[in-house]
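Step one of this worksheet: look at the structure below.
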Amino acid sequence: MAETTATVAFATERIVNDILATIDREREREIVSRRFGLFDRKETLEQIGELLGITRERVRQLEKSVITRLRHAAEQGEVPHVTEVQDRLEAAVEELGGVARVGVITTKLGLENTRVEQSRVAFLAQLCPHLIVINDDDHYHHSIAVLEHHDEKTLKERVGGLM
């Protein structure tokens, strides 16, 4: 198992690059890369819109469209590495009780626990059909759960009940 974890640890940048390469339009690759913070810090819709000369609403629409297309393609087995990544992420999350913060999962996978690595793990999880990503906000930490055990609504209700 340690060998498998090390493979993910050394390959996240390559895996993300391979997946981004499946996106036809450069502008869409740029949006996804900047919004998720895959190579640098995460950027706001407004920051990306200013850079690309489009509205923040258009950035949001394009981001949603690309992620939806990628997730659908991943479900069909048409996105490189997703099955392998899903197996490893799902195993790590299962070992952590079926749901865990992205930072904890990143460490569990043997990755350096940086914002960029956490962003890559969250992005990859977003594409995995068997996983749910809970984005951070005022009430929730950035987390990943196994869909078989949880759905987003129930998970948020349970967390809300603890507050």
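To keep it simple, each residue is scored yes or no on (1) among the hydroxyl-bearing types (Ser, Thr, Tyr); (2) surrounded by fewer than 21 Cβ atoms within 10 Å (Cβ to Cβ); (3) out of contact with any strand residue (DSSP E or B) (no Cβ under 7 Å at 6 or more places or on another chain).
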{"position": "Ile67", "(1), (2), (3)": "no, yes, yes"}
{"position": "Ala73", "(1), (2), (3)": "no, yes, yes"}
{"position": "Glu90", "(1), (2), (3)": "no, yes, no"}
{"position": "Val93", "(1), (2), (3)": "no, no, no"}
{"position": "Gly110", "(1), (2), (3)": "no, yes, yes"}
{"position": "Ala125", "(1), (2), (3)": "no, no, no"}
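Beta carbons closer than 9 Å, at least 6 apart along the sequence or on distinct chains, pair a first residue in the stretch 93-114 that is within 16 Å of Asn135 (Cα to Cα) and without any contact (Cβ under 8 Å) to a residue 40 or more places away in the chain with a second that is among the β-branched types (Val, Ile, Thr) and surrounded by fewer than 21 Cβ atoms within 10 Å (Cβ to Cβ) for Thr106/Thr114.
When restricted to residues that are part of a loop (DSSP other than H, G, I, E, B) and of a type outside the set (Asp, Glu), the stretch 33-81 contains 14.
Taken together, the residues in the stretch 28-53 that are in contact (Cβ under 8 Å) with a residue 24 or more places away in the chain and either touching a Lys or Arg at 6+ places or on another chain (Cβ under 8 Å) or loosely packed, with under 15 Cβ neighbours inside 10 Å (or both) amount to 9.
Scanning the stretch 54-75 for residues that are free of Cβ contacts under 8 Å to residues at least 12 places away in the same chain and under 17 Å from Leu147 (Cβ atoms) returns Thr68, His72. Mind listing whichever residues of the stretch 67-89 are farther than 23 Å from Ile105 by Cβ and touching a helix residue (DSSP H, G or I) at 6+ places or on another chain (Cβ under 8 Å)? Result: Gly77, single match.
Being closer than 20 Å to Val116 by Cβ and in contact with a helix residue (DSSP H, G or I) (Cβ under 7 Å, 6 or more places away or on another chain) is the filter here, so list the residues in the stretch 46-66 that pass it. Full working, then the answer.
The initial filter retains those residues of the stretch 46-66 that are closer than 20 Å to Val116 by Cβ, namely 47-48, 51, 63, 66.
Ile48, Glu63, Val66 - these are the residues of the stretch 46-66 that are closer than 20 Å to Val116 by Cβ and in contact with a helix residue (DSSP H, G or I) (Cβ under 7 Å, 6 or more places away or on another chain).
In this structure, is Glu90 under 14 Å from Ala125 (Cα atoms), in a helix (DSSP H, G or I) and among the acidic types (Asp, Glu)? Against the criterion (under 14 Å from Ala125 (Cα atoms), in a helix (DSSP H, G or I) and among the acidic types (Asp, Glu)), Glu90 qualifies.
Here, each number is a calculation from the coordinates, and none is a lab measurement. For clarity, every value in this text was computed on a predicted model and none was experimentally measured. Cβ: placed from backbone, ideal geometry, glycine included. Neighbour counts: every protein chain shown.
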